[in-house]
Amino acid sequence: MAELTLKRTPLYERHVAAGAKMMSFAGFDMPVQYAGIIEEHNAVRSKAGVFDVSHMGEFRVRGDGAAAALQRVVTNDVSKLFDGRAMYTVMCLPSGGIVDDLIVYRISENDYLMVVNAANIETDYAWVTDHLSGAVSLTDVSDNVALLAVQGPRAIEIVQATTTLPVSELKFYHFVRSVDGSFFDCDEVIISATGYTGEPGVEIYCDTDRAPLVWDALLEAGSEMGLTPAGLGARDTLRMEAGYCLYGNDITHETNPVEAGLGWICKTDKGDFIGRDAIVAAKESGTARRLVAFKMTERGIPRTGYEILDAAGAPVGTVTSGTQSPILDCGIGLGYVQNKPTLTTPGAELQIAVRNRRVKAVVAKPPLHKS
């Protein structure tokens with residue numbers, strides 16, 4: 001059997017030189033950790049970390065009617081965007097199941113950027129291609145775009161030290177763009193106030209061939225401010241503390257956004273879109289289950305697939321994501337439980353079947369490291 005050839009991001013050599021532990025993820029050879037997951041996690045919470053997330057996918061949607069075409073494909077209201085504004089959203093099947101979660105950026109009236117999950121690039125491109133209407137072009141620019149995420153209390157300060165672009169003035173889910181080559185000679189750069197850690201920070205979209213220079217400049221600028229390279233391991237523990245969903249675990253083709261707590265990005269009053277009827281039904285009639293975040297009150301680490309029980313020991317759901325929180329020093333996780341107030345309200349008592357033990361847990365409101 002032929003071995004699978006993993007793709008490499010433009011920063012692969014930097015990761016190897018830094019001694020990163022590499023692993024296969026979504027078809028890419030990615031750094032899972034450098035100094036260690038806990039150290040990198042704590043650096044992001046206290047100072048700053050820089051992640052290579054160039055494996056993510058980017059599509060450009062251009063042409064007259066681009067906004068109207070996107071309105072049909074995503075659940076959030078694209079008409080609310082303006083130049084320099086981004087929004088989080090999902091794409092759904094007619095059944096309401098989630099095709100992917102993504103961010104849409106409005107570059108101009110007829111030019112939008114979609115940022116999708118790495119594992120879904122091909123399926124998302126096919127889905128959008130099949131469902132875009134009008135005189136609109138869709139281009140997969142993933143191979144031309146590198147993505148670096150700088151996250152943490154000092155992230156903005158560090159990035160601002162590398163550019164004259166007004167990064168420190170950005171509001172959440174706003175971005176600044178430059179095509180004049182002033183940012184490390186990039187043909188195009190987008191710096192957005194977005195992230196996946198629950199900390200302040202930005203994500204930098206730049207030309208792939210300039211990414212190593214940007215990486216080096218960030219590490220140099222942050223050398224006195226505690227910036228450290230961080231891998232996918234810390235990215236995962238950080239997002240769980242923040243209560244953010246991971247596609248393939250917490251949201252899937254079988255998940256309605258309403259039961260996942262994402263009803264707020266489903267604007268059913270904007271007009272028709274794919275999955276609207278199923279989402280309206282879920283909002284009006286309720287769902288059989290609900291995604292909750294929880295903290296362990298006894299020693300034990302929850303893992304994907306572990307059974308969730310109520311306080312009396314009756315099965316009520318399943319863990320979809322779980323880990324040991326470096327900040328809280330206890331197990332935390334996300335999972336679906338029966339949609340009852342006694343199971344979904346913060347403070348509700350649960351049990352997690354950890355191997356042959358039943359370990360007590362309590363429902364908590366994200367971000368877990370601040371609750």
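The values are calculated or read from the model by the stated rules, or taken from the named source; none is laboratory data. These numbers were taken from a predicted model, which means no experiment stands behind them. Please note: Cβ atoms are built from the backbone with ideal geometry, for glycine as well, and neighbour counts cover all protein chains shown. These area figures cover heavy atoms from the full protein model, side chains too; ligands, DNA and RNA do not enter into them. Shrake-Rupley method; radii C 1.70, N 1.55, O 1.52, S 1.80 Å.
For segment 288-371, the share of accessible area belonging to carbon and sulfur comes to 49 percent (1.4 Å probe, ligands and nucleic acids excluded). In a simple Cβ point-charge model (Lys, Arg +1; Asp, Glu -1; nothing else charged), the chain has a dipole of about 1600 debye relative to its Cα centre. Just need log10 I(q)/I(0) for segment 184-239 at q = 0.16, 0.18, 0.26 Å⁻¹, Debye formula, equal scatterers on the alpha-carbon atoms, no solvent, rounded to two decimals. So the normalised log intensities work out to -0.59, -0.75, -1.23. Taking chymotrypsin sites (Phe, Trp or Tyr not before Pro) as exposed when DSSP calls them loop (any state but H, G, I, E, B) and at most 12 other Cβ atoms lie within 10 Å, what is the longest stretch of the chain free of them, the sites themselves excluded? No qualifying site falls inside 173-371, the longest such stretch.
State to the nearest 20 debye the size of the charge dipole of segment 171-232 about its Cα centre, where the only charges are +1 on K and R beta carbons and -1 on D and E beta carbons. Intermediate results must be reported in sequence, preceding the final value.
Numbers: 3 positive and 11 negative charges, 63 e Å.
So the dipole magnitude of segment 171-232 works out to roughly 300 debye.
Taking 0.36 nm per residue of sequence separation and subtracting the Cα-Cα distance, how much length would be gained by fully extending the chain between I265 and R8, in nm to one decimal? Mind showing how you got there, number by number?
Details: separation 257, 0.36 × 257 = 92.52 nm, distance 3.28 nm.
My answer for the length gained is 89.2 nm.
Mean residue ellipticity, 222 nm, helices only, the chain: the sum of -39500 (n - 2.57) across DSSP H runs of n ≥ 4, divided by residue count and rounded to 500, is -5500 deg cm²/dmol. Considering all C-alpha pairs of segment 246-371, those separated by over 27 Å amount to 20%.
Rolling a 1.4 angstrom probe over the protein heavy atoms, how many square angstrom per residue are accessible across the chain?
Numbers: 15960 Å² over 371 residues.
I get 43 Å² per residue for this part.
Rg/Rh for the chain (Cα atoms only, Rh after Kirkwood) is 0.97. Centre-to-centre, using Cα atoms only, segment 292-371 and segment 39-114 are separated by 30 Å.
Roughly what % of Cα-Cα distances in segment 226-266 sit above 17 Å, to the whole percent? Don't skip to the end; give the middle numbers.
Details: 354 of 820 pairs.
So the portion of pairs separated by more than 17 Å is 43 percent.
With the charge dipole of the chain set up from +1 on Lys and Arg Cβ and -1 on Asp and Glu Cβ about the Cα centre, the Cα lying farthest toward the positive end among the listed residues L113, A293, G96 is that of A293.
For segment 1-142, dividing the convex hull volume of the Cα atoms by the residue count gives 161 Å³ per residue.
How big is the C-alpha Rg of segment 131-275 next to the rule-of-thumb value 2.2 N^0.38 Å, as a ratio? The partial results should precede the final answer.
On the way: Rg = 17.7 Å, N = 145, 2.2 N^0.38 = 14.6 Å.
Relative to the 2.2 N^0.38 Å estimate, segment 131-275 comes out at 1.21.
Per the Debye calculation on segment 206-290 with a single equal scatterer at every Cα and no solvent contribution, log₁₀ I(q)/I(0) for q = 0.17, 0.21 Å⁻¹ amounts to -0.82, -1.00.
Looking at the chain as a GNM with Cα springs under 10 Å, which of P341, P315, P326 has the largest mean-square fluctuation? Highest fluctuation among the options: P341.
Roughly speaking, what is the stretch gain from K370 to R85, that is 0.36 nm per residue apart minus the C-alpha to C-alpha distance, in nm to one decimal?
Numbers: separation 285, 0.36 × 285 = 102.60 nm, distance 2.76 nm.
Difference between extended and current length: 99.8 nm.
Pairs spanning more than 29 Å between alpha-carbon atoms, out of K171/K267; K340/K370; K171/K370; K7/K47: K7/K47. For segment 1-73, the ratio of Cα radius of gyration to the globular rule of thumb 2.2 N^0.38 Å stands at 1.56. Mind putting together the pair-distance distribution for segment 44-107? All Cα pairs, 10 Å bins, whole percent per bin, short to long. Going out from 0 Å in 10 Å bins, segment 44-107 shows 17, 43, 27, 11, 1 percent. Using a simple spin-label model with pseudo-atoms 7 Å out from Cα toward Cβ, E307 and K283 lie 3.7 nm apart. Taking the chain as a Gaussian network of alpha-carbon nodes connected by springs under 10 Å, the highest mean-square fluctuation of the residues T320, T194, T342 belongs to T342.
Write out the GluC sites (Glu not before Pro) in segment 210-277 meeting two conditions: DSSP loop, and at most 13 other Cβ atoms within 10 Å of their Cβ.
On the way: sites: E220, E224, E241, E254, E259; in loops: E224, E254, E259.
Answer in residue order: E224, E254.
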